[in-house]
Amino acid sequence: MNNLNEKLIQRCENSCELCASEQPVTAYAVSPENHDSIANEVAVCSTCLQQLEKPSNPLYWQCLAGSIWNTEPAVQALSYRILYGLKDEQWAGEIITGVEPDEAVINWALSVYAVAAEHTDSNGQKLQNGDTVVLTQQLNVKGASFNAPKGTIVRKIRLVPDNTEQVEGKINDETIVILTKYVRKS
Ligand SMILES: [Zn+2]
């Protein structure tokens with residue numbers, strides 16, 4: 001456990017920065033940063049700490065629907081990171097598609113999901129988070145009520161960390177997974 005320093009206690013108003021319902025007991029450093037500065041830390045309660053260290057109840061993290069809007073980048077990054085890990089759960093997916101944190105916060109959040117290899121488009125060009133791409137063929141979107149024609153522009157794509165053949169992007173306000181072989185960087 002790391003002591004909560006005065007400034008951090010003031011910042012969080014003595015309330016857990018993730019669930020906002022209990023008193024914080026420790027300062028949690030959001031990796032890869034360390035305890036050098038409270039800008040890297042999140043004040044968490046014992047219940048949140050337990051779920052961080054030994055996740056047992058994904059639904060517990062529904063509380064992050066509030067903390068994701070915190071103005072502290074460390075709190076945003078940690079909330080986004082946890083929710084991203086649960087994004088296959090509909091509620092978690094909905095929360096993260098409803099927010100648009102800074103690129104730096106997203107990169108911080110997703111840094112734990114190691115990128116094994118590079119994402120490349122249909123021409124072998126390297127893709128990065130935030131790129132704009134064009135669909136090189138029509139996409140039939142599973143579960144969605146529309147098809148995306150060839151030539152559709154998708155802005156601000158997100159690399160799927162554990163799969164270099166996939167990126168995510170918004171089409172018609174729905175976030176969908178797109179295969180990198182069907183996109184061209186624009
Ligand atoms: Zn908490």
Among helices (runs of 4 or more DSSP H) completely within segment 1-117, the ones holding 2 or more residues that are within 16 Å of the ligand (Cβ to nearest atom) and surrounded by 18 or more Cβ atoms within 10 Å (Cβ to Cβ) are 6-12, 46-53, 64-67, 73-85
Output the qualifying pairs, or none if there are none: Cβ atoms under 8 angstrom, residues six or more apart or on different chains, first residue in segment 55-72 and closer than 25 Å to E13 by Cα, second residue within 12 Å of the ligand (Cβ to nearest atom) and among the acidic types (D, E). S67/E17; N70/E17; E72/E17
Which condition number does K150 fail, the rest of (1) loosely packed, with under 14 Cβ neighbours inside 10 Å; (2) basic (K, R); (3) closer than 23 Å to A92 by Cα being met? (3)
Check segment 173-185 and report whether any residue there is within 19 Å of Y80 (Cα to Cα), polar (S, T, N, Q) and outside the structural domain of P32 (by TED's automatic domain parsing). yes
If you scan segment 110-133, which residues turn out to be of a type in the set (D, E, K, R) and at pLDDT below 90? E118
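The values are calculated or read from the model by the stated rules, or taken from the named source; none is laboratory data. Quick caveat: nothing in here was measured; it's all calculated off a predicted structure. In this analysis, Cβ positions are derived from the backbone assuming ideal geometry, glycine residues included, and neighbour counts consider all displayed protein chains.
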